[in-house]
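The next block holds one structure in the form of structure tokens; read it before the comments.
The values are calculated or read from the model by the stated rules, or taken from the named source; none is laboratory data. Everything numeric in this text was worked out from a predicted model, so none of it was measured. With ideal geometry, Cβ positions are generated from the backbone for all residues, glycine too; neighbour counts draw on all protein chains shown.
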2 protein chains.
Amino acid sequence: MAAATACATGTAFAQKRTDEPVQTIPAIRNLDPAMVELGKKLFFDPRLSKSGFISCNSCHNLSMGGSDNLKTSIGHNWQQGPINSPTVLNSSLNLAQFWDGRAADLKAQAGGPIANPGEMAFTHELAIDTLKSIPGYVNEFKQVFKHDKLSIDEVTTAIAAFEETLVTPNSRFDRWLDGDNKALSKDELAGYTLFKESGCVACHNGPNLGGNSFQKMGLVQPYKTASTAQGRVEVTGKDADRLNFKVPTLRNVELTYPYFHDGEAPTLTMAVDLMGRLQLGREFTQDENAKIVAFLKTLTGQQPQIGMPILPPSTDKTPKPRPFD
Amino acid sequence: MAAATACATGTAFAQKRTDEPVQTIPAIRNLDPAMVELGKKLFFDPRLSKSGFISCNSCHNLSMGGSDNLKTSIGHNWQQGPINSPTVLNSSLNLAQFWDGRAADLKAQAGGPIANPGEMAFTHELAIDTLKSIPGYVNEFKQVFKHDKLSIDEVTTAIAAFEETLVTPNSRFDRWLDGDNKALSKDELAGYTLFKESGCVACHNGPNLGGNSFQKMGLVQPYKTASTAQGRVEVTGKDADRLNFKVPTLRNVELTYPYFHDGEAPTLTMAVDLMGRLQLGREFTQDENAKIVAFLKTLTGQQPQIGMPILPPSTDKTPKPRPFD
């Protein structure tokens, strides 16, 4: 049967396309399944927040492309966040984490929101006190880490391991890269050609179509926004890095609206139009825009299949959530 | 192998216990799997709220016993809810929904929070406009309901169907009811005997150990609380129904802390102690209390295994969430 199938569809397949500026997602490294499972629990556990209401998944919702689909996120006490929540999907492929790259990797990132007063508004100490009061967690940490220490280091290691599994392979575009000529329509392919020839690919390249450099928002034309986010300068202190942001991935971009660091572009059409003007000094025609958008929608990959974790219950000793203090 | 196993553990099994005031969970009725799947998507979809941030699962979290483990829930704009979020688990077994029973069934309940200004703060009209703008939903509703109408009626029908599947069979106590003598320890069994003989079972009986009657909170001693919830009187208008609340289920009670309609009892120990005093005029000794708590912890059943749904993306026409308006 396999041979017959290969034969019947044989003409649709060319060789793998290895000379493109975009590549398929590399295989994830070997991870301890028990650590991944622990990380998943922590990712979904709102007890890592002061309120007991906000978890990692609140703003990086795995039902919604690993984002919250809001302009800027909602934090503790309904505070309006300063920036658009980037997707957690394929985030292990990024050169650094956060829009300004202030965290070197997923592990360094994971502790940030827990202790950010505008996000989960907790402290690492209280988060650890909480976890240590829950025998289900204490036992699981011990089994996974083979030692008795339970600190923010173990917590962020486990969350990062879970996040590493959140890749989305096998998009239609990946199938085309793998040699399936029928995976893309004529318009989608024309969109990809435009994407390359007009210069989008200069920043959105590699396996994550972005995530591998910092670039100035408003390279050709200045970007007008009410957002006060200054980007990379806040990390490096160099004025040349003002409004430099990590180039976002375009994988699953159909799911991760609205767009830009301030979330001010509600649709792909608007995002493509603005990117053309601001970064390339180019005005895409409606037809060109539509073709690029059609291409972008081929980047939606297989979403991770996540079984909701059952969280170990708190005990009489667990610190109480304080949503309204 | 099966026969050998049955033989080896044969002595542990008695006949099913059919004369107890508590019964195992009845099998759920035949439900259309496609409708259940659609209902699951809606249950997890924060686009049914004004903010785009709050879903059914926010306060009935299936990772946490179908509750939010908060005294009272957090609603739109971080409003403090008036009452403790009851678990959605096994809720189809209840005689009515909400603490005051104002909804006759799950379908009638499901529309409430969407339009409640203190909860999801949306309107049914806007929720339907949102769903109608999303082709993924439009197609799925059409396939499930075999007609083109997409109204709050279809939405709540699907959510209720999903919620009907959220039962938790096979707790250790159920295994004991089914004849497994080794399923409970001596102390747990002593706790169950106390639970029956002291009168707890007068209200907490049936397959859901509650959920089948309204009872006055503070029957023997008045209950002192800052909560303004008045209970059943707000539905019937009868003064005799003041502070009458639906008796909560005790299934999975280990997971659904804190307790009572106002969430003022943080631990099972305190809940048992207060119930004894307020409802039975009885002061349980520490040992009695511990045994009843041990019994209550045997009521944790198999939690539903939920695969996170992948929600169909919004389109350019979808109304934008308005978290900060």
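Does residue B:148 fit the bill of being closer than 30 Å to residue B:35 by Cα, surrounded by fewer than 17 Cβ atoms within 10 Å (Cβ to Cβ), of a type in the set (D, E, K, R) and in contact (Cβ under 8 Å) with a residue 60 or more places away in the chain? So that I can check it myself, show each step before the final result.
Values: closer than 30 Å to residue B:35 by Cα: yes; surrounded by fewer than 17 Cβ atoms within 10 Å (Cβ to Cβ): yes; of a type in the set (D, E, K, R): yes; in contact (Cβ under 8 Å) with a residue 60 or more places away in the chain: no.
Criteria not met by residue B:148.
Residues checked against (1) closer than 16 Å to residue A:47 by Cβ; (2) in contact (Cβ under 8 Å) with a residue 12 or more places away in the chain; (3) surrounded by fewer than 16 Cβ atoms within 10 Å (Cβ to Cβ):
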site	(1), (2), (3)
A:133	yes, yes, no
A:136	yes, yes, yes
A:141	yes, yes, no
A:163	no, yes, no
A:167	no, yes, no
A:172	no, yes, no
A:176	no, yes, no
A:181	no, yes, yes
A:189	no, yes, no
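So that you can scan it fast, the table gives a plain yes or no per residue for (1) more than 13 Å from chain A (Cβ to nearest Cβ); (2) touching a Phe, Trp or Tyr at 6+ places or on another chain (Cβ under 8 Å):
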residue	(1), (2)
B:30	yes, no
B:57	no, yes
B:65	no, no
B:69	no, yes
B:76	no, no
B:85	no, no
B:97	yes, no
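Which ones in the range A:170-224 are under 18 Å from residue A:285 (Cα atoms) and out of contact with any helix residue (DSSP H, G or I) (no Cβ under 8 Å at 6 or more places or on another chain)?
Residues satisfying the conditions are A:186, A:193, A:196, A:197.
Would you point out which residue out of A:37, A:20 is more than 9 Å from chain B (Cβ to nearest Cβ), modelled with pLDDT of 95 or more and over 21 Å from residue A:155 (Cα atoms)?
On the way: A:37 fails: over 21 Å from residue A:155 (Cα atoms).
Of A:37, A:20, the one residue that is more than 9 Å from chain B (Cβ to nearest Cβ), modelled with pLDDT of 95 or more and over 21 Å from residue A:155 (Cα atoms) is A:20.
When the residues of the range B:297-308 are filtered to those that are part of a loop (DSSP other than H, G, I, E, B) and within 10 Å of chain A (Cβ to nearest Cβ), which remaining residue is nearest to residue B:48 (Cα to Cα)? Don't jump to the end; show me each part of the working.
Taking the range B:297-308 and keeping what is part of a loop (DSSP other than H, G, I, E, B), we get B:300-306, B:308.
Okay, now just the ones that are also within 10 Å of chain A (Cβ to nearest Cβ), so B:300, B:302-306, B:308.
On the way: B:300: 31, B:302: 29, B:303: 25, B:304: 23, B:305: 23, B:306: 20, B:308: 17 Å.
Checked the range B:297-308; the qualifying residue nearest to residue B:48 (Cα to Cα) is B:308.
Answer yes or no as to whether residue B:311 is within 14 Å of chain A (Cβ to nearest Cβ), in a helix (DSSP H, G or I) and either within 19 Å of residue B:65 (Cβ to Cβ) or not acidic (Asp, Glu) (or both). Walk me through how you get there before you give the answer.
Working: within 14 Å of chain A (Cβ to nearest Cβ): yes; in a helix (DSSP H, G or I): no; either within 19 Å of residue B:65 (Cβ to Cβ) or not acidic (Asp, Glu) (or both): yes.
Against the criterion (within 14 Å of chain A (Cβ to nearest Cβ), in a helix (DSSP H, G or I) and either within 19 Å of residue B:65 (Cβ to Cβ) or not acidic (Asp, Glu) (or both)), residue B:311 does not qualify.
Quick test for you: out of B:268, B:296, B:311, B:278, pick the one residue that is in contact with a helix residue (DSSP H, G or I) (Cβ under 8 Å, 6 or more places away or on another chain), under 20 Å from residue B:218 (Cβ atoms) and among the aliphatic types (A, V, I, L, M). Don't jump to the end; show me each part of the working.
Details: B:296 fails: under 20 Å from residue B:218 (Cβ atoms); B:311 fails: under 20 Å from residue B:218 (Cβ atoms); B:278 fails: in contact with a helix residue (DSSP H, G or I) (Cβ under 8 Å, 6 or more places away or on another chain).
The match here is B:268.
In the range A:98-112, is there at least one residue being farther than 30 Å from residue A:14 by Cα and in contact with a Cys (Cβ under 8 Å, 6 or more places away or on another chain)?
Looking only at the range A:98-112, we keep the residues that are farther than 30 Å from residue A:14 by Cα, and these are A:98-112.
Add one more test, that the residue is in contact with a Cys (Cβ under 8 Å, 6 or more places away or on another chain), and what stays is A:110.
The answer is yes; a qualifying residue exists.
For the range A:265-296, which residues satisfy the criterion of being free of Cβ contacts under 8 Å to residues at least 60 places away in the same chain and within 14 Å of chain B (Cβ to nearest Cβ)? Full working, then the answer.
Taking the range A:265-296 and keeping what is free of Cβ contacts under 8 Å to residues at least 60 places away in the same chain, we get A:265-274, A:277, A:283, A:285-287, A:289.
Listed by number, the residues that qualify are A:265, A:266, A:267, A:268, A:269, A:270, A:271, A:272, A:273, A:286, A:289.
Does at least one position in the range A:204-214 carry a residue that is within 22 Å of residue A:67 (Cβ to Cβ), over 17 Å from the mean Cα position of the chain (by Cα) and crowded, with 17+ Cβ neighbours inside 10 Å? Walk me through it before giving the result.
Step one: of the range A:204-214, the residues within 22 Å of residue A:67 (Cβ to Cβ) are A:204-214.
With over 17 Å from the mean Cα position of the chain (by Cα) added as a condition, the list becomes none.
Checking the range A:204-214: not a single residue is within 22 Å of residue A:67 (Cβ to Cβ), over 17 Å from the mean Cα position of the chain (by Cα) and crowded, with 17+ Cβ neighbours inside 10 Å.
Can we say residue A:76 is within 23 Å of residue A:212 (Cα to Cα) and surrounded by fewer than 24 Cβ atoms within 10 Å (Cβ to Cβ)?
Values: within 23 Å of residue A:212 (Cα to Cα): no; surrounded by fewer than 24 Cβ atoms within 10 Å (Cβ to Cβ): yes.
For residue A:76, the condition - within 23 Å of residue A:212 (Cα to Cα) and surrounded by fewer than 24 Cβ atoms within 10 Å (Cβ to Cβ) - is not met.
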